[in-house]
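These notes are about the structure you will find just below.
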Amino acid sequence: MADLRIKEIAQLIAPLRVTPGASVRLAHDFDPGYRAGFVRKRDGEALLHRGVELLSEYQARLAAQQCHGLLVVLQALDAGGKDGTIKHVMSGVNPQGVTVHSFKVPSAAELGHDYLWRYACNLPGRGEIGIFNRSHYEEVLVVRVHPENLDRQRLPAGARDGGIWRRRFHEINDWERYLTDNGFRVVKMLLNISKDEQLRRFMKRLDRPDKNWKFSAADIKERQYWDDYQSAFSQMLSHTSTSWAPWYVIPADHKWFARICASAVIVAALSELDPQFPKLSKAARQELAVARKALEGEGDH
Ligand code: AMP
Ligand code: MG
């Protein structure tokens, strides 16, 4: 049964995976409105439910085994649905085994270190799932689109010359390779929305009092850099989708479908890790037998 579900999940996410080495043009290659044949939200409900169920099962084993960790990287433009995706995908898991970290504009203390430092400080431990709401990829996205961010990083002369973005792509790939080799799986998702859908969501934030708090004038300003972001995303996907940590481009115009896909991508990664409950040694089993006897003996008094 589980195998069948895993097969179904693998089929669903295959078209979303960025082939390592492929040259990606985001707008051309990935449709934000894609729904894999599902028409309405209702059609996908069973699948979403199953995804959450499987995630819960795998998480329990991951936590018990204390060997692997899973890092989930979420990137998106404003209103791309990162927060909602986190809420839905994680709805079935034990909060003790999950950390979520949202990365904002770097603080003075963070700028006092190398650019990967603050991300390394917030990695999940063994047995844990860590979610990065924005991530080290901001270092080749917002920092690239607005180079004044790079000025604030106080790099030495020479470190900015010739091909800084290519160098960062290599450094990030190497860092993720290092994490993978040491038991930390990196799962990367870009929630891909269309410009029209972003407009609709911004309007909703203005129209609905319960969504007003989410509105930020800065988001409107960022929207003017739409094309620059699409280009930075395409570069990022082309250079940092690797065999050890491939990118998945999640079609995000339909929130319900994005959530199905995101949970499917995480479940697929966990199924590959295939964590197991630890098997007890003979001595430990004997200890359990002794404990059982002692507890059963209590009833005799
Ligand atoms: P939000 O996710 O809406 O709370 O916004 C966080 C803001 O922090 C966004 O505008 C990001 O672009 C910005 N941000 C995140 N990481 C960095 C970074 N490394 N350098 C500059 N700005 C960043
Ligand atoms: Mg925002």
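Would you check if Thr19 is among the β-branched types (Val, Ile, Thr), under 17 Å from Phe233 (Cβ atoms), under 20 Å from the mean Cα position of the chain (by Cα) and open to solvent by 20 Å² or more (accessible area, probe 1.4 Å)? It is true that Thr19 is among the β-branched types (Val, Ile, Thr), under 17 Å from Phe233 (Cβ atoms), under 20 Å from the mean Cα position of the chain (by Cα) and open to solvent by 20 Å² or more (accessible area, probe 1.4 Å).
Matching residues to (1) within 21 Å of Trp247 (Cβ to Cβ); (2) within 11 Å of ligand 2 (Cβ to nearest atom):
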{"position": "Lys188", "(1), (2)": "yes, no"}
{"position": "Arg200", "(1), (2)": "no, no"}
{"position": "Pro209", "(1), (2)": "no, no"}
{"position": "Lys214", "(1), (2)": "no, yes"}
{"position": "Lys221", "(1), (2)": "no, no"}
{"position": "Trp226", "(1), (2)": "yes, no"}
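Do we find a residue being in contact with a Gly (Cβ under 9 Å, 6 or more places away or on another chain) and in a helix (DSSP H, G or I) anywhere in region 26-45? Yes, there is a match, as at least one residue in region 26-45 is in contact with a Gly (Cβ under 9 Å, 6 or more places away or on another chain) and in a helix (DSSP H, G or I). Within region 121-137, the residues that satisfy the criterion of being over 15 Å from Glu176 (Cα atoms) and within 16 Å of ligand 2 (Cβ to nearest atom) are Asn133, Arg134.
Hey, among the residues in region 237-251 that are among the small types (Gly, Ala, Ser) and either within 13 Å of ligand 1 (Cβ to nearest atom) or part of a loop (DSSP other than H, G, I, E, B) (or both), which one's surrounded by the fewest Cβ atoms within 10 Å (Cβ to Cβ)?
First pass over region 237-251, keeping only residues among the small types (Gly, Ala, Ser): 238, 241, 243, 245.
Retained after the next criterion (residues that are either within 13 Å of ligand 1 (Cβ to nearest atom) or part of a loop (DSSP other than H, G, I, E, B) (or both)): 241, 243, 245.
Working: Ser241: 21, Ser243: 10, Ala245: 22.
Once the filter is applied, the top-ranked residue is Ser243.
Residues that are among the aromatic types (Phe, Trp, Tyr) and at pLDDT 95 or above number at least 1 in the following helices (runs of 4 or more DSSP H) confined to region 127-236: 164-181, 195-207.
In this structure, His146 does satisfy being of a type outside the set (Lys, Arg) and within 16 Å of ligand 2 (Cβ to nearest atom).
Put simply, of Asp300, Asp274, Asp227, Asp210 the only residue that is of a type in the set (D, E, K, R), away from ligand 1 (no atom under 16 Å from the Cβ) and either touching an Asp or Glu at 6+ places or on another chain (Cβ under 9 Å) or on the phi > 0 side of the Ramachandran plot (or both) is Asp274.
Pick out the one residue from Asp114, Asp78 that is acidic (Asp, Glu) and under 18 Å from the mean Cα position of the chain (by Cα). Write out each step before concluding.
Working: Asp114 fails: under 18 Å from the mean Cα position of the chain (by Cα).
That would be Asp78, the only listed residue that is acidic (Asp, Glu) and under 18 Å from the mean Cα position of the chain (by Cα).
Of the residues making up region 120-136, those that are open to solvent by less than 20 Å² (accessible area, probe 1.4 Å), near ligand 1 (Cβ under 9 Å from one of its atoms) and out of contact with any Lys or Arg (no Cβ under 7 Å at 6 or more places or on another chain) are Ser135, His136. Val98 passes every criterion in (1) over 12 Å from the mean Cα position of the chain (by Cα); (2) modelled with pLDDT under 95; (3) among the β-branched types (Val, Ile, Thr) apart from (2).
Among the residues of region 282-292, not a single one is β-branched (Val, Ile, Thr), outside any loop (DSSP other than H, G, I, E, B) and within 14 Å of the chain's Cα centre (by Cα).
Scanning region 179-207 for residues that are open to solvent by 50 Å² or more (accessible area, probe 1.4 Å) and in contact with a Lys or Arg (Cβ under 9 Å, 6 or more places away or on another chain) yields Lys195, Leu199, Lys204.
Working only within region 82-111, note down all residues that are without any contact (Cβ under 8 Å) to a residue 40 or more places away in the chain, assigned to a loop (DSSP other than H, G, I, E, B) and not hydrophobic (A, V, I, L, M, F, W, C). Result: Asn94, Lys104, Ser107.
Scanning region 77-116 for residues that are within 15 Å of ligand 2 (Cβ to nearest atom) and open to solvent by 40 Å² or more (accessible area, probe 1.4 Å) turns up Asp83, Ser102, Lys104, Val105.
The values are calculated or read from the model by the stated rules, or taken from the named source; none is laboratory data. It should be emphasised that the depicted structure is a prediction, and the values quoted were computed from it without experimental measurement. Neighbour counts are summed over all protein chains in view; Cβ atoms, including those assigned to glycine, are modelled from backbone coordinates with ideal geometry. Areas reflect the complete protein model, heavy atoms only, side chains present, ligands, DNA and RNA absent. Shrake-Rupley method; radii C 1.70, N 1.55, O 1.52, S 1.80 Å.
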